[in-house]
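**Student:** Below: one structure in structure tokens.
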Amino acid sequence: MRGYVIARAQIALIWLATLCTFTPTLATAAEAPVNILFVGNSFTHGRYEPVRTYNAGFGTDTVHDLLCPSLAACSSAEQGSQIDPAETPAPGTTLPAQLAYLQANPSLQYNEPGPYGGIPGIFLQFTREAHLHYSVSVVAVSSATLTGYLNNTGNEKGDLPLIEGTAWDVVVLQDQSFRPLPATITVNGQSVPTRGDFAGFESGVTGLINAVDATASAAGKPSPLITLYETQPLASYGYTSINPNAPIFGSSTSAPDGLNAPYAGAPDPIGAMATDLHDAYEQAASDYMASNPTGSKVDVALAGDAWVSAINTRVAVRDPYLANNPSFEVDLWDSDPLDACCTTPIGYHPSIYGAYLSALVLFYEITQVNPESLLAEFDPADHRHRASAADALGISPDIAWKLAFVASETVRLGHPI
């Protein structure tokens, strides 16, 4: 695993030394907004509350969910009301009994009504805090692939016109979490298959960039800036669980060495998967620009690397399935088995902390404003620095500060701390 562990005391000193050195870029009301589109799936819309609907709505100053422009016109996946499985009566009082009940009653499982805010919603709030003028839109279908959007297939059918129908200034592209992985990896000297399809991932990236470039050219505008959103490594792909309160349960689970747990048994499964994702996203960006010198500039937001930085610096837990992780370490992954049941396990989607950290990296990569500047507002009531997005999501000022630091350092270094 790349990177190194910085002692907590040293990190605190760096935080104190750098906190006041960044000033947000100011924008005037007369400036036209930067039109940005996020394209992805549940790793973009966040899946869980409060992230999924954060800054969502139908007003001019909210995230524009292009698949849910009004309650009457929401896509089928975003219609309906929120179901909280934790409040659903189930026979028995044990967690296994409740999970079995939800598995047998799919209509009672957690659903994802829109409109969506998600990671774009956190990004939008960061732009407000930094006094930047952005108009934020999103197209995010759960389990979607970039190739699916490009080919108008599966659940993504009909969504391509939304992506290529506007001359965007910035486009963010995010594929399925496992798709950029190598088709096989080596774990303890053994060849292990994955669900990776790098060629498919890269063709989706290239095709969508070409589509939005063509729209911009037809409108007489410059090609949009492209940011590839490198998603986080999956705890469920690298660890098993003997903690009865944190079962790896659901249809997307498998035995170690299976397609949904290929890194299990590796000395550092999180670091290994993050490295593979890093290499894939960087390769796709490099390949596109080498083949299309007059097309869009493509950058990579190293959100997955920042997760590793948070783990290496002990801001976040490494293995979320352990029964006794240190109390000062946050869980970047979701941790409620009843909500996760029964399509994906816990340790797969982001928690509020993971979503916030990913949004910090995206914000820095796209705006070039250091996210530590977002913590410049000092609250004299409790002598702490505050950020409105963190407050809204229930993240303490101390944790927000630490996450901003690891995001900043990861982007600056180009790899995990």
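**Student:** Just to be sure I understand the filter: pairs with C-beta atoms under 7 Å, separated by 6 or more residues or on different chains, first member in the stretch 141-166 and in contact (Cβ under 8 Å) with a residue 40 or more places away in the chain, second member part of a loop (DSSP other than H, G, I, E, B) and among the basic types (Lys, Arg). Which pairs pass?
**Tutor:** THR145/ARG179
**Student:** Counting only residues that are within 15 Å of SER254 (Cα to Cα) and of a type outside the set (S, T, N, Q), which one in the stretch 342-355 is surrounded by the fewest Cβ atoms within 10 Å (Cβ to Cβ)?
**Tutor:** Our first condition is that a residue be within 15 Å of SER254 (Cα to Cα); within the stretch 342-355, this holds for 342-348.
Right, trim to of a type outside the set (S, T, N, Q) and you get 342, 345-348.
Details: CYS342: 22, PRO345: 28, ILE346: 26, GLY347: 24, TYR348: 24.
Among them, the one singled out is CYS342.
**Student:** I'd like the residue in the stretch 190-208 that is in a loop (DSSP other than H, G, I, E, B) and open to solvent by 60 Å² or more (accessible area, probe 1.4 Å) and, out of all such residues, is farthest from TRP168 (Cα to Cα). If you could, list the steps in order and put the result at the bottom.
**Tutor:** Quick first cut of the stretch 190-208, residues in a loop (DSSP other than H, G, I, E, B) only: 194-197.
Now restrict to residues that are open to solvent by 60 Å² or more (accessible area, probe 1.4 Å): 195, 197.
On the way: ARG195: 32, ASP197: 28 Å.
Per the stated criteria, the residue is ARG195.
**Student:** A follow-up question, please. Conditions: (1) in a helix (DSSP H, G or I); (2) over 20 Å from ALA340 (Cα atoms). SER236 meets all but one. Number of the miss?
**Tutor:** Going through the list (1) in a helix (DSSP H, G or I); (2) over 20 Å from ALA340 (Cα atoms), SER236 breaks only (2).
**Student:** Quick one: PRO269 ticks every box in (1) farther than 23 Å from LEU413 by Cα; (2) without any contact (Cβ under 8 Å) to a residue 40 or more places away in the chain; (3) not hydroxyl-bearing (Ser, Thr, Tyr) bar one, so which box is it?
**Tutor:** With respect to (1) farther than 23 Å from LEU413 by Cα; (2) without any contact (Cβ under 8 Å) to a residue 40 or more places away in the chain; (3) not hydroxyl-bearing (Ser, Thr, Tyr), PRO269 is out only on (1).
**Student:** Could I ask something else about it? Taking PRO69 as meeting all but one of (1) assigned to a loop (DSSP other than H, G, I, E, B); (2) modelled with pLDDT under 90, write down the number of the exception.
**Tutor:** (2)
**Student:** Moving to a separate point now. Applying the selection to the stretch 85-115, what residues are within 14 Å of ASP336 (Cβ to Cβ) and either modelled with pLDDT of 85 or more or not polar (S, T, N, Q) (or both)? Can you show your working first?
**Tutor:** Step one: of the stretch 85-115, the residues within 14 Å of ASP336 (Cβ to Cβ) are 85-88, 95, 98-99, 102, 109-110.
PRO85, ALA86, GLU87, LEU95, GLN98, LEU99, LEU102, GLN109, TYR110 - these are the residues of the stretch 85-115 that are within 14 Å of ASP336 (Cβ to Cβ) and either modelled with pLDDT of 85 or more or not polar (S, T, N, Q) (or both).
**Student:** Looking at (1) modelled with pLDDT under 95; (2) surrounded by 14 or more Cβ atoms within 10 Å (Cβ to Cβ), can you tell me which one LEU37 breaks?
**Tutor:** (1)
**Student:** Right, next: Of a type in the set (Ser, Thr, Tyr), part of a strand (DSSP E or B), surrounded by fewer than 21 Cβ atoms within 10 Å (Cβ to Cβ) and at pLDDT 95 or above - does that describe any residue in the stretch 209-227?
**Tutor:** Step one: filter the stretch 209-227 for residues of a type in the set (Ser, Thr, Tyr), giving 215, 217, 223, 227.
The next check asks that each one be part of a strand (DSSP E or B); those that pass are 227.
Retained after the next criterion (residues that are surrounded by fewer than 21 Cβ atoms within 10 Å (Cβ to Cβ)): none.
There is no residue in the stretch 209-227 that is of a type in the set (Ser, Thr, Tyr), part of a strand (DSSP E or B), surrounded by fewer than 21 Cβ atoms within 10 Å (Cβ to Cβ) and at pLDDT 95 or above.
**Student:** While we're on this one: Filter the stretch 312-341 down to the residues that are open to solvent by 10 Å² or more (accessible area, probe 1.4 Å) and among the hydrophobic types (A, V, I, L, M, F, W, C), then identify the one that is farthest from GLN109 (Cα to Cα).
**Tutor:** In this case the residue turns out to be PHE328.
The values are calculated or read from the model by the stated rules, or taken from the named source; none is laboratory data. Please read these numbers as outputs of a predicted model, since none were measured by experiment. Methodologically, a virtual Cβ is constructed for each residue, glycine included, from the backbone with ideal geometry; neighbour enumeration extends over all protein chains shown. For the accessible areas, the whole protein counts, side chains as well, though only heavy atoms, and no ligand, DNA or RNA atoms are used. Shrake-Rupley method; radii C 1.70, N 1.55, O 1.52, S 1.80 Å.
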